[in-house]
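What follows draws every value from the coordinates through simple rules; no lab data is involved. Because the structure is predicted, anything quoted here is derived from the model rather than measured. Cβ: placed from backbone, ideal geometry, glycine included. Neighbour counts: every protein chain shown.
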Amino acid sequence: MLKIGMIGAGIHATGNLYPSLKYLEGVQLVAVCDINEQKARDAARNFGFEKHYVDYKKMLQQESLDGAIVCLNAELHPGISIDCVQAGVNLLVEKPPARTLEQAKQMSQASRDSGKFIMVGFQKRFGTPYVKAMEIVRSDEFGKVVLIEAKMHGFEYPTIFTSLMEWQIHILDLVRAFGGEVVEIRATANRLNETRASILTNLKFENGVIATLSLGTEGGSGRFCERIEIVSDRKKGSDC
């Protein structure tokens with residue numbers, strides 16, 4: 001049995017991550033940690049964990065965890081993630097993993113040095129529609145990817161930056177999944193205020209593929225707020 005611990009018992013964690021744990025097989029739900037003891041206690045009781053903590057370092061020291069799931073914020077993720085892998089614990093950390101590139105690089109280096117995994121919660125690329133689209137794109141019949149068009153709009157966040165980091169980072173990950181590594185980026189925005197904007201971004205990948213992204217808060221929400229289309233040199237397309 002894999003022994004699992006959770007760090008963070010906020011709205012997103014308890015509304016989305018904790019309920020998903022019941023579908024996992026071969027895991028032992030060992031402990032929950034949150035600086036708010038009542039939240040930690042409630043999450044442990046409601047979702048079947050054995051213990052609760054208010055200090056994640058104490059949890060790492062006292063419990064022989066195989067893995068942990070961290071769901072806090074971009075300010076806290078880097079330091080806690082590094083502490084986890086240095087304690088010998090594999091990690092799933094919610095997006096965004098960090099606020100800066102340097103912090104993300106430090107997390108990556110800590111993972112390599114410790115031999116433990118840090119996986120960021122970009123779960124969309126594992127969703128059924130995207131897995132099917134990837135199968136199509138990778139088939140010989142589809143041809144070579146030349147263009148990706150994508151959009152993702154949604155609700156207002158406290159700032160445009162947090163909207164990009166907390167929500168629209170998902171579509172950026174999907175574009176990279178289909179396109180590869182980005183070598184060039186250009187963007188322009190129509191900023192309405194601190195929380196609302198429309199953003200157009202052009203990307204170029206090291207393999208020559210180009211992409212255009214429509215991001216922001218003005219394109220509506222719901223089923224039509226998100227879309228990605230992949231176009232090949234054989235004039236074929238796959239969209240979802």
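What fraction of the Cα pairs in the range 124-239, stated in percent, has a spacing above 17 angstrom?
Numbers: 3659 of 6670 pairs.
Counting every Cα pair in the range 124-239, those more than 17 Å apart make up 55 percent.
Less than 5 angstrom separates the built amide H of Val120 from those of Val93, all sequence-distant by 5 or more or on a different chain.
Only counting other Cβ atoms within 10 Å, I'd like Arg138, Arg196 sorted with the fewest neighbours first. Before the final figure, lay out each step's value.
Values: Arg138 10, Arg196 15.
So the residues, fewest neighbours to most, are Arg138, Arg196.
Return one number: the angle in degrees, 0 to 90 and rounded to the nearest 10, between the long axis of the Cα atoms of helix 128-137 and the longest principal axis of the Cα atoms of the chain. For 128-137 against the chain, the angle is about 40 degrees.
The range 1-19 and the range 174-193 have Cα centres lying 31 Å from one another. The H on the amide N of Leu72, modeled in the peptide plane, is under 5 Å from the matching H of Glu94, each at least 5 residues off or on a different chain. Across the range 26-39, computed HN-Hα scalar couplings (Karplus, 6.51 cos²θ - 1.76 cosθ + 1.60, θ = phi - 60°) run x, 10, 10, 7, 8, 7, 10, 10, 7, 5, 8, 4, 5, 5 Hz from first to last residue, x flagging Gly and Pro.
Here the range 98-154 and the range 24-72 have alpha carbon centers that stand 27 Å from each other.
Taking neighbour Cβ counts within 10 Å as the exposure measure, how do Cys71, Cys225, Cys84 sort from fewest upward?
Numbers: Cys71 23, Cys225 15, Cys84 30.
Ranking Cys71, Cys225, Cys84 by Cβ neighbours within 10 Å, fewest first, gives Cys225, Cys71, Cys84.
Note on the range 2-121: percent of Cα-Cα distances in each 5 Å bin, starting at 0 and stopping at the bin with the largest distance, equals 2, 13, 24, 25, 20, 11, 4, 0. For the pair Glu218 and Ser64, a Förster radius of 35 Å applied to the C-beta separation gives a FRET efficiency near 0.10, rounded to the nearest 0.05. Amide H to amide H, with H built 1.01 Å from N, Leu2 comes under 5 Å of Val27, Gln28, counting only residues 5 or more places away or on other chains. Per-residue Cβ neighbour counts within 10 Å put Ser64, Ser232, Ser81, Ser139 in the sequence Ser64, Ser139, Ser232, Ser81, beginning with the fewest. Subtracting the Cα-Cα distance of Met119 and Glu37 from their residue separation scaled by 0.36 nm leaves 26.9 nm.
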